[in-house]
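Okay, so here's the structure we're looking at.
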Amino acid sequence: MEKFILKRDKSLLVIVDIQERLAVAMTEKERVVVNTLHLIESARLLGLPLLITEQYPKGLGPTLPEVRNAVQTYAPIEKITFSCCGEKFFMEAVQETEKKQIILIGMETHVCVLQTCIDLLQADYDVHVVADAVCSRTDANYRTALEYMRDAGAVITCTETVLFQLLVKAGTEEFKAISKRIK
């Protein structure tokens, strides 16, 4: 049961390929961006590290401006492999955090998010895929990918579940700030 409970001292937020030219093709772009911004702000408040990747930015453009502007330090890890784990610098960055729980969000669910998830699971990380912070161009691809990742051992969750698991209790300043944000 331990893999199902996120702990802030063990968690890392990974934002996969929320890029300008990719996002325009996503019907659920707004939902993903809103929830990504909630997760970024919560990571900042709770002291969680985060990593951002970009798939072939020359072709797909940079990370969306609203996401870029929300992070304290914008330093995307560029990649050409679909799995983030295929990029040496990504895995080095993950290992440097010493976190074993990965909160995984981004685009597209059935390609880069899925392949990253599978590789992280193979590397013995607990992966929490945030269903309302990932998307694909089609609903069928999105749903199939979520089932695939669940079958492989990932935890399929949602933004508010992640936030409240990390918060643990009400009444704190972090709780007040996050609660205000998601209302």
For this session: Go through the range 63-78 residue by residue and tally those that are in contact with a Lys or Arg (Cβ under 9 Å, 6 or more places away or on another chain) and buried (at least 17 other Cβ atoms within 10 Å of the Cβ).
Result: 4
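Here is a yes/no grid of residues against (1) of a type in the set (D, E, K, R); (2) surrounded by 14 or more Cβ atoms within 10 Å (Cβ to Cβ); (3) more than 27 Å from VAL111 (Cβ to Cβ):
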| position | (1), (2), (3) |
| --- | --- |
| ARG143 | yes, yes, no |
| TYR148 | no, yes, no |
| ASP151 | yes, no, no |
| THR157 | no, yes, no |
| VAL162 | no, yes, no |
| GLU173 | yes, no, yes |
| ARG181 | yes, no, yes |
Exercise. So which pairs qualify, if the first residue must be in the range 150-162 and among the polar types (S, T, N, Q), the second must be assigned to a helix (DSSP H, G or I), the Cβ gap must be under 8 Å, and the two must be at least 6 apart or on different chains?
Worked result: THR159/ASN35; THR159/HIS38; THR159/LEU39; THR159/ILE182
Problem set entry | Within the range 6-41, tally of residues that are in contact with a Lys or Arg (Cβ under 8 Å, 6 or more places away or on another chain) and either assigned to a strand (DSSP E or B) or not acidic (Asp, Glu) (or both) | 8
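How many residues, within the range 143-183, are of a type in the set (Asp, Glu) and farther than 16 Å from ARG8 by Cα? Please lay out each step first, then the result.
In the first step, residues of the range 143-183 are kept if they are of a type in the set (Asp, Glu); the result is 147, 151, 160, 173-174.
Filter again for farther than 16 Å from ARG8 by Cα, leaving 147, 151.
Count: 2.
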Problem set entry | Residue in the range 99-118 that is in contact (Cβ under 8 Å) with a residue 24 or more places away in the chain, more than 24 Å from ARG150 (Cα to Cα) and surrounded by fewer than 20 Cβ atoms within 10 Å (Cβ to Cβ) present | no
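No lab work stands behind these numbers, since they all come straight from the coordinates. Bear in mind the structure is a predicted one, so any value in this text is a computation, not a measurement. Every residue, glycine as well, gets a Cβ built from its backbone with ideal geometry; the counts of neighbours run over all protein chains shown.
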